[in-house]
Amino acid sequence: MFDLIIRGALVVDPLNKINAIKDVAVAEGKITAIEDEISLPAKKLIEASGKVLIPGIIDMHTHMRTVLGHKHAQRMIALAGVCTTLDMAGPLEDILTSIPGSGAGVNIAILDAARAGQTLTSSRPSQQEQSDFLDRTLENGGIGIKLLGGHFPMDVDISESFIELANQKKSWIAWHVGSTAHGSNIEGFREAVAAAEDNFLHIAHINSYCRGQISNETDEALEAISLLKTHPNIFSESYLSPLNGTRLVVQNDVPISKVTVTCLKKLGYEPTYDGMKKAILGVLVDDGVIGKLLSGKGGVEYWESKETKTTGSFKVNPAVSRFLIATAKRSDGSFVVDSFSTDGGCYPRNVIVENGLLLVKFGALNLNEYAVKASLNGARALGLKSKGHLSVGADADISILDIQNEKAFATIVEGNVIMLDGQLLGKGTTIICDERGASTLAKRGIKHIVKEEFSLKQITDRFIP
């Protein structure tokens, strides 16, 4: 007897070249059979006629805790159809200790943030301190680090040093571009590409640097695409929402985040307390189950009641750059920007399904290409051989999509249904680590998956849809 049968969905699996109506059977957390019709009994049955079934969605940029995300972020990504995610700032220990109360059954790989006053003693840490920080992160269960240049910039030579060290240690390293010399824009993007040289670097949310701050959105997007084509060592993702996410904290009448300052200026407001108050804020609030954005007067009042210590969003991402970056391909047919992301963990930015399926309906992507960007490319980059596809024996991580209504219908992780038709059913969290963090997580009793040792080939050997 199978544990689960999903019946009658349009199954789309790019790796195995499946695009047909099939039944899918799951047992002991693994894909057991994919056939035209499976008649054997199962403990649980999901009728999925008219739905699309793809390998579990992997969101390659989220924030799972309260620094840039929300304490209920795991629930929100499960509702959005996401099985696995890369958290891009931690704090690592905050996520690990929050699992009993916040877990929703998803898989999380974690990057801890390199930030002065938090994980570093200053914005110019010694190379020894950089090395110690990397080692500590890996040994405690993270897979690497994130440079928060857009929010809390450092000198570019420090970022270069971190990139070199991370590559030496076969650690993941990501950068929200920006430094003391250049902002979170196309100039900062150029700087980050040059700083990486031939080393691996994950450049976060490419669309964020193409908002028309230096030239116009179209030219900036085309330049970003061109740079990525000539630098295959760079992994990248982009998100599909017009809304960004940033800290709304104000100190001494100035927003502490450089990104927030840039957003206010772009929208025509002064980067001050009064300017923030006048802006149309979308402030992240907690309804006890998930986080939602509160706008207008209510948002301002909530922001003030929290003494500005909140997270929120501004509508600053142009449609043209989002579209170009989401669909651009290299000459061999592989995607220039490897994956979809959300920079999320809060609504309404968790829109890989909603806005991604609109691209499919528009004809900009087909379902096979959508599954590559939503799942397979992330699994390949992270070294998760058992995810991103539906091969027999692979992990039964599955996203079932209601394409007609552009929403997730079910989220299944290792055969466990963690969300079905809007109802949250999962608990706990599985942490993705490398071999250096496995023993620490085991001693703490934290469920974990050990990914493959990182190699640049995981990035440069891109899948061609």
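The values are calculated or read from the model by the stated rules, or taken from the named source; none is laboratory data. If you're wondering where the values come from, they're calculated on a predicted model, not measured in any experiment. Note that each Cβ is placed from the backbone with ideal geometry, even for glycine, and that neighbours are counted across all protein chains shown. These accessible areas exclude ligands, DNA and RNA; they are computed on the full protein's heavy atoms, side chains included. Shrake-Rupley method; radii C 1.70, N 1.55, O 1.52, S 1.80 Å.
Listing for the model above:
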{"read-out": "Matching residues in the range 129-183 - criterion: being in a loop (DSSP other than H, G, I, E, B), of a type outside the set (Gly, Ala, Ser) and touching a strand residue (DSSP E or B) at 6+ places or on another chain (Cβ under 8 Å)", "value": "Ile143, Leu148, His151, Phe152, Met154, His176, Val177"}
{"read-out": "Residue list for the range 357-379, restricted to those being of a type outside the set (A, V, I, L, M), closer than 21 Å to Ile464 by Cβ and surrounded by fewer than 24 Cβ atoms within 10 Å (Cβ to Cβ)", "value": "Gly363, Asn366, Asn368, Glu369"}
{"read-out": "Identity of the residue in the range 50-102, acidic (Asp, Glu) and either open to solvent by less than 10 Å² (accessible area, probe 1.4 Å) or assigned to a strand (DSSP E or B) (or both), that ends up nearest to His176 (Cα to Cα)", "value": "Asp87"}
{"read-out": "Residues of the range 235-252 classified as among the hydroxyl-bearing types (Ser, Thr, Tyr) and assigned to a loop (DSSP other than H, G, I, E, B), total", "value": "1"}
{"read-out": "Meets criteria (among the hydrophobic types (A, V, I, L, M, F, W, C) and either without any contact (Cβ under 8 Å) to a residue 60 or more places away in the chain or open to solvent by 60 Å² or more (accessible area, probe 1.4 Å) (or both)) for Ala20", "value": "yes"}
{"read-out": "Selection status of Gly388, on the phi > 0 side of the Ramachandran plot, at pLDDT 95 or above and open to solvent by 10 Å² or more (accessible area, probe 1.4 Å)", "value": "no"}
{"read-out": "Members of the range 331-353 that are closer than 26 Å to Asn16 by Cβ and either open to solvent by 10 Å² or more (accessible area, probe 1.4 Å) or not small (Gly, Ala, Ser) (or both)", "value": "Ser331, Asp332, Gly333, Phe335, Val336, Val337, Asp338, Phe340, Ile352, Val353"}
{"read-out": "Whichever residue in the range 275-310 is free of Cβ contacts under 8 Å to residues at least 12 places away in the same chain, of a type in the set (D, E, K, R) and under 27 Å from Gly183 (Cα atoms) and, among such residues, is least open to solvent (accessible area, probe 1.4 Å)", "value": "Glu307"}
{"read-out": "Test result for Ile398, open to solvent by less than 20 Å² (accessible area, probe 1.4 Å), in contact with a strand residue (DSSP E or B) (Cβ under 9 Å, 6 or more places away or on another chain), more than 23 Å from Ala104 (Cα to Cα) and aliphatic (A, V, I, L, M)", "value": "no"}
{"read-out": "Single residue of the range 177-211 satisfying the filter (under 21 Å from the mean Cα position of the chain (by Cα) and open to solvent by 10 Å² or more (accessible area, probe 1.4 Å)) that is nearest to Pro255 (Cα to Cα)", "value": "Ser184"}
{"read-out": "Boolean, Thr262 is open to solvent by 10 Å² or more (accessible area, probe 1.4 Å) and modelled with pLDDT of 95 or more", "value": "no"}
{"read-out": "Test result for Ser208, touching a residue at least 60 places away in the same chain (Cβ under 8 Å) and of a type in the set (Ser, Thr, Tyr)", "value": "yes"}
{"read-out": "Conditions (1) closer than 18 Å to Ala438 by Cα; (2) in contact with a His (Cβ under 9 Å, 6 or more places away or on another chain); (3) small (Gly, Ala, Ser): number failed by Ala104", "value": "(1)"}
